[in-house]
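S.K.: Structure in structure tokens, see below.
The values are calculated or read from the model by the stated rules, or taken from the named source; none is laboratory data. Because the structure is a prediction, the values reported are computed rather than measured. Counting neighbours? That spans all protein chains shown, and the Cβs are built from the backbone with ideal geometry, glycine included. Side chains included, ligands, DNA and RNA excluded: accessible areas come from the protein's heavy atoms. Shrake-Rupley method; radii C 1.70, N 1.55, O 1.52, S 1.80 Å.
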Amino acid sequence: MPRPLDHLTVVDASECVAGQFCARLLADQGARVTLVEPPDGSCTRRLAPLSQSGDSFVFRHVNTGKATLTLDPALAADRERLAALWRAADVAILPESHDLAAFERDHPHVVAVQITPFGADGPLADWQGPEIVLQALSGMMHNNGLYGREPLYGVGRRATMAAGLAGFVGTLAALLARAGDGLGQSVRIEKAETASAMCFPYVVQHLYSGTVFDRSQLAIPAAPVECRDGWVCIWIYNHRWQAVLRTLGLTHLDADHRFHDPAERRRNWPALFDAIAAHVADQPAAEIVDRLQRAQVIAAKADRPSELFANAHLAARGYWHTAGEARHTVLGPTMRLTERAPAASRPAPPAAGKVAEGVRVVELTTAWAGPMAGRVLAFFGAESIHVESPTRVNTWRLHHENPPKPVNFPDGDPGARPFDRAFLFNSQNINKRSMTVDLKTEAGRETFRALLARADVLVTNFRPGTLAKLGLDEASLRAINDALVVVELPAFGLEGPMAGYAALGPTMEMATGTSAMVGYPGGPPEPTGPSYMDPVGGFNAASAILLALIHRARTGRALHVEVPQVEAAMHLIGPELLEAGETGRERPRNGDRSPYAAPHDAFPASGEDQWVVIAACDEAAWRALCQAMARPALADDPRFATLDARKANEDALSAEIAAWTRGRDKHEVAASLQAAGVAAAPVQNAADLTRSPYLASRGFFTELAHPVAGRHRYPGLPLHLSRTPGAQTSAAPGFGRDNDHILTEIIGLDPAAAAARRAAAGMAEIPGEGPSE
């Protein structure tokens, strides 16, 4: 099939990883992308990690699929040539320093994209923003690692890559609007805001109940254990406890008073996993995972990056490719597209000047990734309908909590309808409608089919085969609505040896190779918070939907899009994977330290579990840090005078800096160091985010009134379009709130028929209620 963007010309003049990754994603979908470089080459060509020949794996990863053109801005002829490229472009990825508003004014037909660390204005506009700073400010870093030890920022440039992905989503939204009226606009993305938007929504928990999550609490019912040949992360839901014991041959643990009761089990989590680890220590990791998965227990091996190149599942799916004259290995696609049959009637083009108004999205999803995709479309004006079963409720409504935990609800009160007051669900389902229907009944299936017949998009994040089990295989969907865009988010893809494996954010992160590089020296692999992979999957799915809508508007043909979440998320650590595959080098788990800078770490500040990150990215920054500490002689101390010396004496270096930061306010330390030219940031928690002057200057929070949860602020999305901006206009819907509207106004039943259908189809407004028939 023709690739959806093969009609577009993109000029990439960005000088940053995020901009170039955004352009690479456009190239992956067929756009003709030209990377414009200065005479000495793009600065990304010099970014570590480097190959044995000195080539940057970062540059290679973010510029696959592009042509390159060298232009000298000092030459008038080259400046005119660049101006001609701008005039002929459909999309322009601009440098951070470019005047975005002026470009938009001079090129009204072009979608102009600019990605910066903190924006061109605002309180942090002059700050340095390496990865550790972005993660510290986002709220995510506060969630990672062990209580009492330095929190962990992660690895690589994931916040930067995520900003590139956000740029891709914003660009596609602007292109969809352009398909309606031919006009371009600017797309503004900031790395710091994107990182905050992808943080687990503890900020909403704080806004609801005033509590602040800390790492002393058990965030997820999972932990890694070391097997004979690697680590395995095992997720133990209460309802799968017996299956775990039977599968691992540990049924005697159920008689242990520390583990039998779920509450006691959580209190004795370390002891439980010590017992499991002792039992599996001499067993193969992949075998343990396969046995658990066959027993419906979520588990994943923490693959090392180099292991992924010999991974049988990825090989069966043909994931790894080669590209360029040198035939370098490159990562596979973030999504796989298949054209459905031509629609009997061509769908209407987008409304002039609108992104997704008139688009109806049906979400058969749960938790975060799928709902995040629908949330992005609803942000841009689509009618997103979140569909749930009355007996199998979205897990983020926290209906399974017994008793409900007060911290998860406004004012610590679950109320009469706790499933409508849960902070998790309400954080990710803004602007949506809610429909409940029992798809186990014929009336329920008939109702769902009728809704799909009137929809534009179906998105689902359940296991492969779920749609077919519901009678919604491709042939059935084609008969219902041949113009329907279908997007599926399987963790491991629709086909392959691991396709049937269930997964959640932390286990997907293990499978990407990321967690193997995150952790303390000598410790286990660590996930990034409770679920970092979910918003990544949500943004990838949103881009898939927008891409498919562009394709449908242009060709009249709908797409089926598979977004394998693990494979797509591997792109965030693409350079590290390529380094491991080509050189065999793998990043050891080393806390927050970096091979390319010292110091590069988190240091204690005033207050309990308060931290500040500091990264001296060059020698000038190191000397500036010593001046700020009023220790100028430290710069020439033989132990610290060079990067190699500082790396060799890093424990002593950290002790010197910690003695200075301890007792000082984390915000004041960071601000003073940034003013002195040193990258630094407070490690922010949920409460800090609500008071952030930077996020306030971006309009990040929107106050919305919920009829059951009350009036609160909610975090937004980092997608800023100048002409067709998105908006958060309504709070998350109550359970089944829109059943009547959907039956009468969308499906078209009269009131009597709607009442009968509501009863027969199990369209309850309280979880657990089934059909009356």
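S.K.: Report whether or not residue 210 is surrounded by fewer than 24 Cβ atoms within 10 Å (Cβ to Cβ) and at pLDDT 95 or above.
M.R.: Here the answer is yes, as residue 210 does meet what is asked.
S.K.: In the set 173, 125, 112, which member is under 29 Å from residue 377 (Cβ atoms), in contact with a strand residue (DSSP E or B) (Cβ under 9 Å, 6 or more places away or on another chain) and either open to solvent by 10 Å² or more (accessible area, probe 1.4 Å) or not in a helix (DSSP H, G or I) (or both)?
M.R.: The conditions single out 112.
S.K.: Which of the residues belonging to the stretch 643-657 are polar (S, T, N, Q) and in contact (Cβ under 8 Å) with a residue 12 or more places away in the chain?
M.R.: Correct list: 654 only.
S.K.: Within the stretch 427-486, considering only helices (runs of 4 or more DSSP H) that don't extend past its boundaries, which have at least 3 residues that are open to solvent by 60 Å² or more (accessible area, probe 1.4 Å)?
M.R.: Here the list reads 442-452, 474-480.
S.K.: If you don't mind, another one. Out of the stretch 179-194, which residues are open to solvent by 10 Å² or more (accessible area, probe 1.4 Å) and in a helix (DSSP H, G or I)?
M.R.: Answer for the stretch 179-194, where residues must be open to solvent by 10 Å² or more (accessible area, probe 1.4 Å) and in a helix (DSSP H, G or I): 179, 180, 181, 191.
S.K.: Out of 661, 729, I need the residue that is of a type outside the set (Asp, Glu) and out of contact with any Pro (no Cβ under 8 Å at 6 or more places or on another chain). Which one?
M.R.: 729
S.K.: Being assigned to a loop (DSSP other than H, G, I, E, B), under 13 Å from residue 599 (Cβ atoms) and within 39 Å of the chain's Cα centre (by Cα) is the filter here; which residues of the stretch 609-646 pass it?
M.R.: Of everything in the stretch 609-646, those that are assigned to a loop (DSSP other than H, G, I, E, B), under 13 Å from residue 599 (Cβ atoms) and within 39 Å of the chain's Cα centre (by Cα) turn out to be 616, 617, 618, 629, 640.
S.K.: With (1) open to solvent by 50 Å² or more (accessible area, probe 1.4 Å); (2) of a type in the set (Gly, Ala, Ser); (3) on the phi > 0 side of the Ramachandran plot as the list, and residue 696 as the residue in question, which single condition is left unmet?
M.R.: Going through (1) open to solvent by 50 Å² or more (accessible area, probe 1.4 Å); (2) of a type in the set (Gly, Ala, Ser); (3) on the phi > 0 side of the Ramachandran plot one by one, residue 696 breaks only (3).
S.K.: Looking only at the stretch 427-458, filter to residues that are among the polar types (S, T, N, Q) and touching a Pro at 6+ places or on another chain (Cβ under 7 Å); which one of those is nearest to residue 480 (Cα to Cα)?
M.R.: 441
S.K.: Does any residue in the stretch 628-641 that is touching a residue at least 60 places away in the same chain (Cβ under 8 Å) come within less than 7 Å, Cβ to Cβ, of a residue that is open to solvent by 80 Å² or more (accessible area, probe 1.4 Å) and assigned to a helix (DSSP H, G or I) six or more places away or on a different chain, and which pairs are these?
M.R.: none
S.K.: A further question on this structure: Run residue 276 past the list (1) surrounded by 18 or more Cβ atoms within 10 Å (Cβ to Cβ); (2) within 22 Å of residue 529 (Cα to Cα); (3) modelled with pLDDT of 95 or more and report the number of the one that doesn't hold.
M.R.: Going through the list (1) surrounded by 18 or more Cβ atoms within 10 Å (Cβ to Cβ); (2) within 22 Å of residue 529 (Cα to Cα); (3) modelled with pLDDT of 95 or more, residue 276 breaks only (2).
S.K.: Within the stretch 213-244, how many residues are at pLDDT 95 or above and surrounded by fewer than 18 Cβ atoms within 10 Å (Cβ to Cβ)?
M.R.: The total comes to 5.
S.K.: From the residues in the stretch 599-636 that are of a type in the set (D, E, K, R) and closer than 23 Å to residue 155 by Cα, which one is surrounded by the most Cβ atoms within 10 Å (Cβ to Cβ)?
M.R.: 601
S.K.: Which is open to solvent by less than 10 Å² (accessible area, probe 1.4 Å) and at negative phi, of 705, 680, 671?
M.R.: Criteria check complete, one pass: 680.
S.K.: Looking at the stretch 561-595, which of its residues are among the basic types (Lys, Arg) and either in contact with a His (Cβ under 7 Å, 6 or more places away or on another chain) or surrounded by 24 or more Cβ atoms within 10 Å (Cβ to Cβ) (or both)?
M.R.: Within the stretch 561-595, just 593 meets the criteria.
S.K.: What's the number of the condition residue 521 fails, among (1) surrounded by fewer than 20 Cβ atoms within 10 Å (Cβ to Cβ); (2) not in a loop (DSSP other than H, G, I, E, B)?
M.R.: For residue 521, the exception is condition (2).
S.K.: Can I ask one more? Only one of 407, 393 is open to solvent by 10 Å² or more (accessible area, probe 1.4 Å) and farther than 20 Å from residue 739 by Cα; which?
M.R.: Of the residues listed, the single one that is open to solvent by 10 Å² or more (accessible area, probe 1.4 Å) and farther than 20 Å from residue 739 by Cα is 407.
S.K.: What residue, of 46, 60, is at pLDDT 95 or above, touching a helix residue (DSSP H, G or I) at 6+ places or on another chain (Cβ under 9 Å) and open to solvent by less than 40 Å² (accessible area, probe 1.4 Å)?
M.R.: 60
S.K.: Just give me the residues in the stretch 302-343 being open to solvent by 60 Å² or more (accessible area, probe 1.4 Å), in contact with a Pro (Cβ under 8 Å, 6 or more places away or on another chain) and closer than 18 Å to residue 26 by Cα, in sequence order.
M.R.: If the condition is that a residue be open to solvent by 60 Å² or more (accessible area, probe 1.4 Å), in contact with a Pro (Cβ under 8 Å, 6 or more places away or on another chain) and closer than 18 Å to residue 26 by Cα, then 336 is the only one that fits.
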